[in-house]
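Handing you this structure, nothing more for now.
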Amino acid sequence: MTSPVFALVDCNNFYASCEKLFRPDIKDQPVVVLSNNDGCVVARSREAKAIGIKMGVPAFQIRELIKQHGIVVFSSNYALYADMSNRVMQTLEHLAPQVEVYSIDEAFLDLTAIDQVTTMTEFGTQVRNTVYQHTGMVVCVGMAPSKTLAKLANYAAKKYPATGGVLDLTHRTRQRKLMSITPVGEVWGIGSRLTAQLQQLGIQTAQDLADADPKQMRKHFSVVLERTIRELNGESCLELEQQAPAKQQILCSRSFGEVVTDKAMMKQLIGGYVSRAAEKLRAEQQCCRYLQVFIRTSFFRRDGNQYSNAASTRFPVPTDDTRALMRAAHLLLESIWKHDIAYAKAGVMLTELSPAQNQQQDLFCATDHQTSRKLMTLLDQINAGKYGKAWFASQGKQSPWTMKRGHLSPAYTTDWSHIPQVN
DNA sequence: TCTGGGGTCCTAGGACCC
DNA sequence: TCTGGGGTCCTAGGACCC
């Protein structure tokens with residue numbers, strides 16, 4: 001039996017690259033993309049990284065740098081990123097027999113059968129060139145016998161220009177060489193907390209971790225860390241998941257552009273989140289049994305009056321009906337609402353999901369299932385079309401959850417009226 | 001003045017049962 | 001006075017990822 005080979009394909013500076021694709025005029029300029037509400041930096045172009053802009057810094061802290069270096073700033077444009085992501089993934093589907101879309105800008109490929117035909121490096125280069133040709137997106141490719149090592153290979157392909165963006169890490173000696181110069185915190189699954197704890201134990205590099213006793217580490221930490229150690233030693237513990245598993249929870253939450261103190265306003269906001277969450281739920285073809293609503297002040301407040309609370313309910317029968325969810329959510333809000341609080345964030349969470357088909361009905365609870373289904377389908381159809389939107393009165397007349405998006409780029413690829421023009 | 005959103009998995013500890 | 005042991009289920013919270 002041949003041992004498995006995985007490739008990790010990862011887009012470089014994905015959001016920033018998406019923005020640059022349609023703006024050749026800023027090709028070599030530093031670019032940053034901000035989170036919702038134009039809050040934090042969530043993506044940086046190569047040039048912006050070189051200036052020293054860190055991932056996750058609040059926008060207001062880099063105002064001077066932006067001015068000084070002429071950094072081009074964008075609000076996040078998820079419609080654009082999702083569309084570009086689809087194009088990249090479709091290209092990958094043509095290049096490899098099995099693809100796992102791992103996130104918006106990354107995919108694992110199963111290359112187990114490929115190594116007979118061509119060298120790994122050649123294949124990786126072909127992937128890189130083809131994706132660039134088809135989409136304009138630059139990707140790096142890392143290949144190795146486990147997902148964790150493939151991640152590491154990709155990290156190195158990005159970090160070391162001499163690799164040409166493609167790294168074959170299938171050989172043991174090369175794995176050891178790379179791991180011995182890579183900080184343990186760069187390993188997939190090792191975050192800041194674990195890094196600190198591992199360093200206490202004298203584990204500094206990826207190689208140190210690979211050399212640790214997996215049984216011992218499991219006892220000390222968890223089964224997850226044990227798996228990571230085995231993966232670093234070339235033992236594949238994580239399989240390729242071609243079919244995305246059904247979601248287990250759906251969350252819709254926002255920080256507000258300005259604090260909210262008015263209950264009626266909060267009701268509208270929660271209504272909007274429920275609406276959106278229910279839409280996602282139906283798109284997944286699932287129903288939920290459990291609904292949670294939460295509201296809170298800002299963690300960053302220094303003065304008193306911090307407040308954070310959540311309330312939840314379990315339905316007798318799973319539902320995907322926005323009306324039922326919204327009624328329940330508003331009751332939950334009533335139960336946790338406190339006056340004279342400056343709320344900064346709120347959200348709703350749906351859990352205990354199950355397939356929408358074959359729902360067990362409640363004998364004593366007369367819901368008109370047919371009508372509900374028809375109404376929700378119609379609602380989703382209207383909102384998917386381009387002839388206007390339909391929403392519930394309790395969400396307010398205009399969507400009150402407009403957030404700060406001062407630097408939004410056009411919907412180049414998803415709206416005819418925004419299509420780029422060549423003059 | 002100004003600090004994102006949406007997920008997953010694992011573990012510890014309490015409640016409860018026999 | 002003396003007060004078991006083992007199992008399951010649930011939840012909250014921590015840690016991680018992108």
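Readers should treat all values here as calculations from the given coordinates under stated rules, not as data from a laboratory. If you're wondering where the values come from, they're calculated on a predicted model, not measured in any experiment. So basically every Cβ, Gly included, is an ideal-geometry build from the backbone, and we count neighbours across all protein chains shown.
Given H placed 1.01 Å from N in the peptide plane, which residues other than close sequence neighbours of A:Tyr102 have an amide H under 5 Å from its amide H?
For A:Tyr102, whose amide H was placed from the backbone, the distant partners under 5 Å are A:Ala107, A:Phe108.
Pairing the Cα long axis of helix A:223-232 with the longest principal axis of chain A, what angle in degrees results, from 0 to 90 and rounded to the nearest 10?
The angle comes out near 30 degrees.
Å³ per residue of the Cα convex hull, for region A:185-292?
So the per-residue Cα hull volume is 191 Å³.
Sticking with this one: Relative contact order of chain A: what whole-number percent is it, with Cα pairs under 8 angstrom and at least 6 residues apart? Present the calculation step by step, with values, prior to reporting the outcome.
Values: 694 pairs, mean separation 67.3, N = 423.
After rounding, I find 16 percent.
Does region A:222-365 come out rounded, prolate or oblate by the C-alpha gyration tensor, with a ≥ b ≥ c the root eigenvalues, rounded set by a/c under 1.5 and, if not, prolate when a/b is larger than b/c and oblate if not? All intermediate terms of the calculation are to be shown ahead of the outcome.
Numbers: a/c = 2.63, a/b = 1.28, b/c = 2.06.
Note, shape of region A:222-365 comes out oblate.
Something else now. Kindly provide the helix-only [θ] at 222 nm of chain A, computed as the sum of -39,500 (n - 2.57) over DSSP H runs of four or more divided by all residues, to the nearest 500 deg cm²/dmol?
Taken over chain A, the calculation gives -11500 deg cm²/dmol.
Still on this structure, I have one more. Could you work out the Rg to Rh ratio of chain A, with Rh taken as the Kirkwood radius (inverse of the mean 1/r over all Cα pairs)?
0.99
Once the Cα atoms of helix A:120-135 and of chain A are each reduced to a long axis, what angle between those two axes, in degrees from 0 to 90 to the nearest 10, is obtained?
40
Sticking with this structure for a sec: Any idea what the relative contact order of region A:91-151 is, in percent, if you count C-alpha pairs under 8 Å spaced at least 6 apart?
On the way: 48 pairs, mean separation 14.6, N = 61.
Here the relative contact order equals 24 percent.
Between A:Leu251 and A:Phe299, what is the label-to-label distance in nm when each label sits 7 Å out along the Cα-to-Cβ direction?
The two pseudo-label positions are separated by 1.1 nm.
Taking the Cβ of A:Ala346 as the center, what net charge do the other residues with Cβ under 9 Å away carry, scoring Lys and Arg +1 and Asp and Glu -1?
Around A:Ala346, the surrounding residues sum to +3.
While we're here: How far is helix A:147-159 tilted off the main Cα axis of chain A, in degrees rounded to 10, range 0 to 90?
80
For the ranges A:269-279, A:346-356, A:386-396, what's the packing order if you count other beta-carbon atoms within 10 Å of each residue, average per peptide, and put the highest first?
A:269-279, A:346-356, A:386-396
With +1 on the Cβ of every Lys and Arg and -1 on the Cβ of every Asp and Glu, and nothing else charged, how large is the dipole of chain A about its Cα centre, in debye rounded to the nearest 20?
With only Lys, Arg, Asp and Glu charged at Cβ, the dipole is about 1040 debye.
Right, next: For region A:33-131, what relative contact order do you get, as a whole percent, if you take Cα pairs closer than 8 Å and at least 6 residues apart?
20
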